[in-house]
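To keep things clear, I will list the structure first and then write my remarks on it.
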Amino acid sequence: MIFVTVGAQMPFDRLIAAIDNWALAHPEVEIFAQIGHADYRPRNMPYAGFLPPDEFRSRVHAADFLVSHAGTGSIFAALTHGKPILIVPRRAALRETRNDHQVATAERFKGRSGILVAMDEVELIAQLDLLRITPCPKPISPWASPELLDAVRAFVFSD
C-alpha cells in the first residue's frame, strides 16, 4: 500500500493529481492519500483531508511506501517506521509554498538510503516504479541521540 501525504499546512494539488492519474493506470496498487486543503479531489484512490495523529501513524505503519511533499515531519515519519519514501518538493514559482525550502530539503535528502526524490511530475512517475524495488531503510530513533543533545546543550550554555 502507498500512503500519500501532503502535510497539514498547504494544499499540493499537483502531487495529488499526478498520483491520481498514476493510480488510474495502476488499479492493482492500493493507495490512500491525505490531501489537506486541496481543490483537486482524487477520482482513482480513497482519500481524506486530514487524519488524526493516531490514524496517520497507523497509515504510515501499514504502508509499504510513502509519497510526500518534502516536509521534514513526513520524511522523519517514514524513516522512524523504516519505510521507503518518495518526496516531491513544493515549488514557490507554482505558488505551492512561500519559498523553495522544500527544494533544499529534497536536495539534502537525495541519495539517502530509502529516500527517492522527484523534482517534477515526470520524475515522480518514473520514481513510483522504483519504489517497489527500493529497500526499506533501517528505522531511525524517534529521539535525539545523547551526543546531539550534549552538543546542543554545550552550544546553548556556552559563554
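The values are calculated or read from the model by the stated rules, or taken from the named source; none is laboratory data. Keep in mind that what you see is a predicted model, and the values were worked out from it rather than measured. Cβ atoms come from the backbone with ideal geometry, glycine included; neighbour counts cover every protein chain shown. In case anyone asks, the SASA skips ligands and DNA or RNA and just uses the protein heavy atoms, side chains included. Shrake-Rupley method; radii C 1.70, N 1.55, O 1.52, S 1.80 Å.
For Ile2, the conditions (1) modelled with pLDDT under 95; (2) under 16 Å from the mean Cα position of the chain (by Cα); (3) surrounded by 14 or more Cβ atoms within 10 Å (Cβ to Cβ) all hold with the exception of (1). When the residues of the range 148-159 are filtered to those that are open to solvent by 90 Å² or more (accessible area, probe 1.4 Å) and in a loop (DSSP other than H, G, I, E, B), the one that is modelled with the highest pLDDT is Phe157. Out of all the residues in the range 136-147, is one or more in a helix (DSSP H, G or I) and open to solvent by 60 Å² or more (accessible area, probe 1.4 Å)? Among the residues of the range 136-147, at least one is in a helix (DSSP H, G or I) and open to solvent by 60 Å² or more (accessible area, probe 1.4 Å), which makes the answer yes. Residues in the range 44-61 that are open to solvent by less than 60 Å² (accessible area, probe 1.4 Å) and out of contact with any helix residue (DSSP H, G or I) (no Cβ under 7 Å at 6 or more places or on another chain): Ala48, Gly49, Phe56.
Considering Ile19, Ile31, Ile75, the condition of being open to solvent by less than 20 Å² (accessible area, probe 1.4 Å) and either more than 13 Å from the chain's Cα centre (by Cα) or more than 23 Å from Met119 (Cα to Cα) (or both) is satisfied by Ile31 alone. The residue that is farthest from Arg91 (Cα to Cα), among those in the range 5-27 that are modelled with pLDDT of 95 or more and in contact with a Ser or Thr (Cβ under 8 Å, 6 or more places away or on another chain), is Thr5. Of everything listed in (1) crowded, with 19+ Cβ neighbours inside 10 Å; (2) closer than 22 Å to Leu15 by Cα, the single unmet condition for Asp129 is (1). Could you tell me which of the residues Val152, Val60 is farther than 19 Å from Asp13 by Cβ and without any contact (Cβ under 8 Å) to a residue 12 or more places away in the chain? Testing whether each residue is farther than 19 Å from Asp13 by Cβ and without any contact (Cβ under 8 Å) to a residue 12 or more places away in the chain leaves just Val152. Scanning the range 109-126 for residues that are out of contact with any strand residue (DSSP E or B) (no Cβ under 9 Å at 6 or more places or on another chain) and surrounded by 14 or more Cβ atoms within 10 Å (Cβ to Cβ) yields one hit, Ile125. Are any of the residues in the range 118-133 modelled with pLDDT of 95 or more, assigned to a helix (DSSP H, G or I) and among the polar types (S, T, N, Q)? No: the range 118-133 contains no residue that is modelled with pLDDT of 95 or more, assigned to a helix (DSSP H, G or I) and among the polar types (S, T, N, Q).
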